[in-house]
Amino acid sequence: ENHYRRIFGVGSQQKTLDQSQQTDDASTTIEALWQAVRFQPRWISCMQIGIRVSKLGSPTSNLTMQLIEEYNSEPVGEIIRQLSIPPAAIATTAEWEYFDINDELATSKNYWIVLPSVGDASNTYRWHRATGGSVITGGTSATGVLGSWTTGTANQRFCFEEYTFTPIVAKASDFVSASSKHFHEEVFQKPDIKDLQTMQHVLRTEFQNLN
């Protein structure tokens, strides 16, 4: 009789890029206006959001990022997350800064990544961007009550990365014919493995040990 063995390996969660705009050939300072960029997630789970920023001068206030659900085509809906980074953690040259979200978003909705204004013309932050395309800019407010927003601002597509996470699952089998009568399946939990290539290597070793 033919016997068919199949084993599965289940690892940790793998960080996966969902939506992004990564081109950086310009920047906009945020001392005067709130700035924002819109995205629509393809996956429900939002693990992390990154923005490409730099520091100008010596701002004394934190850089704050808001993740806001869209309402009436503007970033005035529910604030999903509001997170901050201290000035000392931000370089004077462009770097990616990441914020942990770990929440579920609706793939049928738009969301806005918003940076409230901070500092003055000599001491603030730059949000790096690509020229061309469009974003949205809005009025300044120290209290977080947004002023009027102007959509479709030309030549400003801000850099962002939105990450989801997917489980690492791999399979190994002995590839006998489909007429096999007996199936043996085993599942190996490997929560310390964080990439598919490593999981596939471990499964091949496990499979050899079982045969």
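The values are calculated or read from the model by the stated rules, or taken from the named source; none is laboratory data. All values derive from a computational prediction rather than experimental measurement. As a convention, Cβ positions derive from the backbone with ideal geometry for all residues, glycine included, and neighbour counts pool all protein chains shown. When the accessible area is computed, the model is the full protein with side chains, heavy atoms only, and any ligands, DNA or RNA have been set aside. Shrake-Rupley method; radii C 1.70, N 1.55, O 1.52, S 1.80 Å.
Here is how the numbers come out for the structure above:
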{"quantity": "Yes/no for residue 34 being among the aromatic types (Phe, Trp, Tyr), under 30 Å from residue 202 (Cα atoms) and out of contact with any His (no Cβ under 6 Å at 6 or more places or on another chain)", "calculated": "no"}
{"quantity": "Residue list for region 97-117, filter: assigned to a strand (DSSP E or B) and of a type in the set (Val, Ile, Thr)", "calculated": "101, 113, 114"}
{"quantity": "Subset tally (residues that are surrounded by 16 or more Cβ atoms within 10 Å (Cβ to Cβ) and assigned to a strand (DSSP E or B)) for region 49-80", "calculated": "17"}
{"quantity": "Candidates 73, 84 - the one that is without any contact (Cβ under 8 Å) to a residue 60 or more places away in the chain and of a type outside the set (Asp, Glu)", "calculated": "84"}
{"quantity": "Tally, over region 153-181, of residues that are within 20 Å of residue 196 (Cβ to Cβ) and at pLDDT below 60", "calculated": "1"}
{"quantity": "Flag for residue 150 being closer than 30 Å to residue 87 by Cα, out of contact with any strand residue (DSSP E or B) (no Cβ under 8 Å at 6 or more places or on another chain), modelled with pLDDT under 75 and not hydrophobic (A, V, I, L, M, F, W, C)", "calculated": "no"}
{"quantity": "Total residues in region 22-38, condition part of a strand (DSSP E or B) and in contact with a Phe, Trp or Tyr (Cβ under 6 Å, 6 or more places away or on another chain)", "calculated": "5"}
{"quantity": "Selection count, region 86-117, where residues are open to solvent by less than 20 Å² (accessible area, probe 1.4 Å) and of a type in the set (A, V, I, L, M, F, W, C)", "calculated": "8"}
{"quantity": "Members of region 191-210 found to be hydroxyl-bearing (Ser, Thr, Tyr) and surrounded by fewer than 14 Cβ atoms within 10 Å (Cβ to Cβ), listed by number", "calculated": "205"}
{"quantity": "Filtered residue count, region 20-46, keeping only those that are open to solvent by 50 Å² or more (accessible area, probe 1.4 Å) and among the aliphatic types (A, V, I, L, M)", "calculated": "3"}
